[in-house]
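Please treat every number below as a calculation from the coordinates, not as lab data. Every value quoted in this text rests on a predicted model; they were computed, and no experiment measured them. Positions of Cβ are generated from backbone atoms using ideal geometry, with glycine treated the same way; all protein chains shown enter the neighbour counts.
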Amino acid sequence: MDPHLSTVGLSKSYRKGRDPVPVLDGVDLEVDRGELLAIVGASGSGKSTLLHLIGLLDAADSGRIFLDGRRIDDLTGRKRDALRNGTFGLIFQFYHLLPELSALENVLLPLAIRLGPLSYLSQRRSIRREAESLLDRVGLSHRRTHTPGELSGGEMQRVAIARALAAGPSVVLADEPTGNLDANTGREVLDLLRDLNRERRLTMILVTHDLAIAAKADRVVRLAEGRLEEWSPVFA
Amino acid sequence: MYKYLLCWRYLRTRYIALASIISVMLGVATMIVVNSVMAGFSTMMEERLHGTLSDIIVESFSLNGFNNPDEVLAAIEEAAGDQIDALAPSLQLFGYAMIPVGGGEYLTREVQIIGVRPEDRARVSEFAEYLVHQPREGQADLPPAEPTFHVPEEFRLNTYAGQVYQRTDPDDPFADILLEDMANLVPADGMILGYALGTIHRPESDEDLFIAPEGSKVILHFPSAGKTPEAKTGEFTVVSYFKSGMSEYDSMQVFVPIERLQFLRGQDGFVNQIQVKARPGADLEAIASAIRLTLERKWPTRFLVSTWEQKQGPLLAAVQVEQNILNILLSFIIAVAGFGILGIFSMIVVEKTKDIGILKALGASDSGVRGIFLGYGLTLGLVGSLVGMTGGLLFVRYINEIEDALSVMTGRKVFDDAIYYFPEIPTLVEPLTVAWIVGGALLIAVAASVWPAQRAARMHPVKSLRYE
């Protein structure tokens, strides 16, 4: 079976003054459909950069990215926007919710971005119902009208998860989703992600430096010195 | 859809944006008020200028004028007879008026003496509309007067000599002397005196004091006809006043019977001006040039033909120039508002850097992000200019009430009608001007948001997400 998502020879370096600092140096990765892959690595090893490249938030210096066997890294702006909007669901360490919008509106945002005013307004009932059921699913139906400022960290991350799922993505990219949460809350969020991965057969790439979290994944790879290696952690 | 949602949300949560709305609002309101007042002034002025002048004026180059007015009138009729409503010859000179102020003292003023037939003059201009009588005791308004130089008999009978005469037997030998005295005190020839010549305005009581009341004798000195002018003198009785509202005219012009003036100058039949009233809607410039061509063919280099606008050209142009300069200066206000929007928007874009990154991560396009801020600018401009428009129009509508209130508060008259000669501040709202101002403000608001919007659109999603 072909992998759902793969990268070939992905490289990226940043400039520090005049000298290029390589971050990724030929990353090859294959993720199967429905797989939960954890990428571990030290801080600054380039985990987030890899995730941004896969999520088309950034452009690689060289290498290719394939989704369902089709190359996606060389797409034009509008098609990249569409993939970011509908195919990839992104979850960040710092939640990144829009402070002006309520929880429900934040969840609605990917759909509001996809749809023009006319189709949005004509479908608003069904869209809203969908977003409400997502909030229900992450256990926040009672927080719909609250703005991010009025939510706890765990609640914000749940909203962010609901938002990542709103546009019906097939791939979820989570960048340290529990990195800003206490251990209990982090575990809850992680369990939620795990459940969603199973329920919806979502392909998930989870970047973390916490090995205990990585242990919940189907497979763990380690990013070190710009390259990926399969890694089987030994859990104490 | 998210553009409208965020635009609306930013509008409701960023109160700093209100500052730019207010600056747009003030700019638009000021421009509307100033333009309406200026347009009101110039329209009112044009109306009065046109009212005192006829549509077209045919003048002779020489002050002495011409002795064949009938031929000239016939030539004008021939040139554009079907376009002409009425013609009125007049004799116009400069001279001095000596207005008695009591105790044998006189007030001497330089005046423009205009010899007319009042009925004719009334046909070619608004002359008759501007004629007023001195109000009687207890009358607040000036009663309108007929265009006539007729001196009522009561003026004579009201004089000291007249009082005595009424009690004297007509066969009394003194009766003749009394009659002579009366004729001396109240000359048989009437005069219509410029209102500002015959009155003094008292700012304290806001009253006009009549220094030359009706029935009083005014002496005019003017040059005689001929190569070497001599001073001539005529005595006239004030029968009514000319009050056009243009202080230049009201303080300069006196109207007297043309035949009497011709006689006193020693040139019967001479006139030096013909006033032409065109049919309503006629093309004045075309008629003027038709008359000019005909007259030049018959009598080369003797006549000057001009429309009322040409004659008042410099004054009207000056008003126009003033309005243009004011508009240029005031549009700087809106430009300042534009820079305000630019600054505030740049700030908001910086503040929203992370949100922009989030939107892009969620699939918002560059143009979509740009649209948020352009739409924001447009909305600010729209709200600002519509509120400004409403405020400006309300200000214009109630400008006289506002002026009264300001006068009460500051204790001095803001708009002194003694200086401007209009009882109220004249205003005229021109819809096209208002549309231009509102459109211009919108354009500036959008133009000022282009740069911040462009900056937002160009932001790199990863860098924006990491922005602290």
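Please give the average number of partner chain Cβ atoms lying within 10 Å of the Cβ of each residue in A:52-61, rounded to a whole number.
On the way: counts 4, 1, 0, 3, 3, 9, 4, 2, 0, 0.
Averaged over the peptide's residues, the number is 3.
Taking the Cα centre of the range A:153-214 as origin, work out the dipole magnitude from +1 charges on Lys and Arg Cβ and -1 charges on Asp and Glu Cβ, in debye rounded to 20. Spell out each step's value before the answer.
Values: 7 positive and 9 negative charges, 64 e Å.
In total the dipole reaches around 300 debye.
Using the Kyte-Doolittle scale, which helices in chain B average at least 1.6 and also have C-alpha atoms spread 15 Å or more along the helix axis, with helices defined as whole DSSP H runs?
Those that clear 15 Å and a mean of 1.6 are B:313-351.
Around B:P135, under 13 Å between beta carbons, what's the net of Lys plus Arg minus Asp minus Glu among the other residues? List each step's numbers first, then the result.
On the way: positive: B:R136, B:K243; negative: B:E137, B:D141, B:E207, B:D208, B:E214.
Summing Lys and Arg as +1 and Asp and Glu as -1 gives -3.
Using DSSP to call loops (not H, G, I, E or B), can you name the GluC sites (Glu not before Pro) in the range B:84-168 whose Cβ has at most 12 other Cβ atoms within 10 angstrom?
Numbers: sites: B:E105, B:E110, B:E119, B:E126, B:E129, B:E137, B:E153, B:E154; in loops: B:E126, B:E137.
Sparse-neighbourhood loop GluC sites (Glu not before Pro): B:E137.
For chain B, which longest stretch is free of loop sites, where a loop site is one of the trypsin sites (Lys or Arg not before Pro) that DSSP puts outside H, G, I, E and B and that has at most 13 other Cβ atoms within 10 Å? Mind dumping the intermediate values first?
Working: sites that count: B:R136, B:R167, B:K227, B:R412.
Result for the longest clean stretch: B:228-411.
Counting partner chain Cβ atoms within 10 Å of every residue's Cβ in A:96-103, what's the average?
Working: counts 8, 2, 10, 5, 10, 5, 0, 0.
For peptide A:96-103, the averaged partner shielding equals 5.
With point charges of +1 on the Cβ of Lys and Arg and -1 on the Cβ of Asp and Glu, referenced to the Cα centre of the protein assembly as shown, which listed residue (B:I333, B:H50, B:P461) lies farthest in the positive direction of the dipole?
B:P461
Among B:L157, B:L342, rank each residue by its count of other Cβ atoms within 10 Å, from fewest to most, as a rough exposure measure. If you can, show how the numbers build up before the last one.
Working: B:L157 14, B:L342 20.
The most exposed by this proxy come first: B:L157, B:L342.
For the range A:36-170, what size does the Cα cloud have along each of its three principal axes, sorted from largest down, in whole Å?
Reported extents, whole Å, longest axis first: 45, 38, 26.
With +1 on each Lys and Arg Cβ and -1 on each Asp and Glu Cβ, how big is the dipole of chain B about its Cα centre, in debye rounded to the nearest 20?
Values: 37 positive and 55 negative charges, 879 e Å.
That gives chain B a dipole magnitude of about 4220 debye.
Binned at 10 Å from 0, what are the whole-percent values of the Cα-Cα distance distribution for the range A:99-164, short to long?
24, 54, 20, 2
Projecting each Cα onto the charge dipole of the range A:99-164 (Lys/Arg +1, Asp/Glu -1 at the beta carbon, about the Cα centre), which of A:L134, A:Y120, A:T145 comes out farthest on the positive side?
With unit charges placed on the Cβ atoms, the residue in question is A:Y120.
What net charge is computed for the residues neighbouring A:G63, neighbours being all others with C-beta under 14 Å from the C-beta of A:G63, Lys and Arg scored +1, Asp and Glu -1? List each step's numbers first, then the result.
Numbers: positive: A:K12, A:R64, A:R71, A:R227; negative: A:D25, A:D28, A:E30, A:D58, A:D61, A:D73, A:D74.
Within the 14 Å Cβ shell, the charges total -3.
Read phi for every residue in the range A:157-169 and hand back ³J(HN,Hα) as whole Hz from Karplus 6.51 cos²θ - 1.76 cosθ + 1.60, θ = phi - 60°, with x for Gly and Pro.
5, 5, 4, 5, 5, 4, 5, 4, 8, 4, 8, x, x
Could you give each residue of the range A:45-55 its phi-based ³J(HN,Hα) in whole Hz, using Karplus coefficients 6.51, -1.76, 1.60 with θ = phi - 60°, and x for Gly or Pro?
Per-residue couplings from phi come out as 7, x, 4, 5, 4, 4, 4, 5, 5, 5, x Hz.
In this model, which of A:K216/B:K354; A:K12/B:K352; A:K47/B:K463; B:K354/B:K463; B:K352/B:K463 are farther than 20 Å apart at the alpha-carbon? Walk me through the numbers on the way to the answer.
On the way: A:K216/B:K354 31 Å; A:K12/B:K352 27 Å; A:K47/B:K463 16 Å; B:K354/B:K463 9 Å; B:K352/B:K463 13 Å.
Correct reply: A:K216/B:K354; A:K12/B:K352.
When the Kirkwood hydrodynamic radius is evaluated over all pairs of different C-alpha atoms of the protein assembly as shown, what value in angstrom, to one decimal, is obtained? Can you show the working numbers first?
Working: mean 1/r = 0.0298 Å⁻¹.
For the protein assembly as shown, inverting the mean 1/r across all distinct Cα pairs yields 33.5 Å.
For A:I127, A:I161, A:I39, what's the fewest-to-most ordering of other Cβ within 10 Å of each Cβ?
On the way: A:I127 21, A:I161 25, A:I39 28.
Ordered by Cβ neighbours within 10 Å, fewest first: A:I127, A:I161, A:I39.
Could you list A:L108, A:L53, B:L73 so that the one with the fewest beta carbons within 10 Å of its beta carbon is first and the one with the most is last?
Values: A:L108 28, A:L53 25, B:L73 17.
Arranged by neighbour count, lowest to highest, A:L108, A:L53, B:L73 become B:L73, A:L53, A:L108.
Filter the trypsin sites (Lys or Arg not before Pro) in the range A:1-62 down to the DSSP loop ones having no more than 14 other Cβ atoms within 10 Å, then list what survives. Could you put the intermediate results ahead of the total?
Numbers: sites: A:K12, A:R15, A:K16, A:R18, A:R33, A:K47; in loops: A:R18, A:R33.
In loop regions of the range A:1-62 (DSSP not H, G, I, E or B), the sparsely surrounded trypsin sites (Lys or Arg not before Pro) are A:R18.
Counting only DSSP beta bridges with both residues in the protein assembly as shown, what percent are antiparallel, rounded to the nearest 5? Don't skip to the answer; put the middle values down first.
Working: 67 of 94 bridges.
In the protein assembly as shown, approximately 70 percent of DSSP beta bridges are antiparallel ones.
Roughly speaking, what is the centre-to-centre gap between the range B:135-191 and the range B:1-71 when only Cα atoms are used, to the nearest Å?
Between the Cα centres of the range B:135-191 and the range B:1-71 lies a distance of 50 Å.
Show which lysines lie in cross-link reach of B:K311 when reach means a straight Cα distance below 21 angstrom and same-chain residues fewer than eight apart are skipped.
Straight-line reach from B:K311, under 21 Å: B:K243, B:K277.
Please compute P(r) over all alpha-carbon pairs of chain B, binned at 20 Å starting from zero, and give each bin as a whole-number percent.
19, 36, 24, 15, 6, 1, 0
Which residues' amide hydrogens lie under 5 Å from the amide hydrogen of A:F92, considering only partners 5 or more residues apart or on another chain, with H built in the peptide plane?
Correct list: A:D175.
5 Å is the cut-off here: which amide hydrogens, built 1.01 Å from N in the peptide plane, fall below it relative to B:S240, excluding neighbours closer than 5 in sequence?
So B:S240 has HN proximity to B:M191, B:L193.
Starting from the Cα of B:K413, draw a straight line to each of the aspartates and glutamates and keep only those under 14 Å, dropping any in the same chain fewer than 8 residues away.
Output for B:K413: B:E204, B:D206, B:E401, B:E403, B:D404, B:E424.
State the Cα centre-to-centre distance between the range B:72-108 and the range A:32-64 in whole Å.
First find each Cα centre; the distance between them is then 97 Å.
Once amide H atoms are built 1.01 Å from N in the peptide plane, which residues 5 or more positions from A:D73, or in another chain, come under 5 Å H to H?
A:I65
What is the dipole size for chain A, taken about its Cα centre, with +1 at each Lys and Arg Cβ and -1 at each Asp and Glu Cβ, in debye to the nearest 20? Mind showing how you got there, number by number?
Values: 32 positive and 32 negative charges, 154 e Å.
Magnitude of the dipole: close to 740 debye.
Identify, among B:G381, B:S205, B:L295, the residue whose Cα sits farthest towards the positive end of the charge dipole of chain B, taking +1 on the Cβ of Lys and Arg and -1 on the Cβ of Asp and Glu, with the dipole about the Cα centre.
So the residue we want is B:G381.
Kirkwood hydrodynamic radius, computed over distinct alpha-carbon pairs, for the range B:164-287: how many Å, to one decimal? Don't skip to the answer; put the middle values down first.
Working: mean 1/r = 0.0563 Å⁻¹.
By the Kirkwood definition, the hydrodynamic radius is 17.8 Å.
Under the Kirkwood approximation applied to all pairs of distinct alpha-carbon atoms, what is the hydrodynamic radius of chain A in Å?
On the way: mean 1/r = 0.0545 Å⁻¹.
Computed over chain A, the radius equals 18.3 Å.
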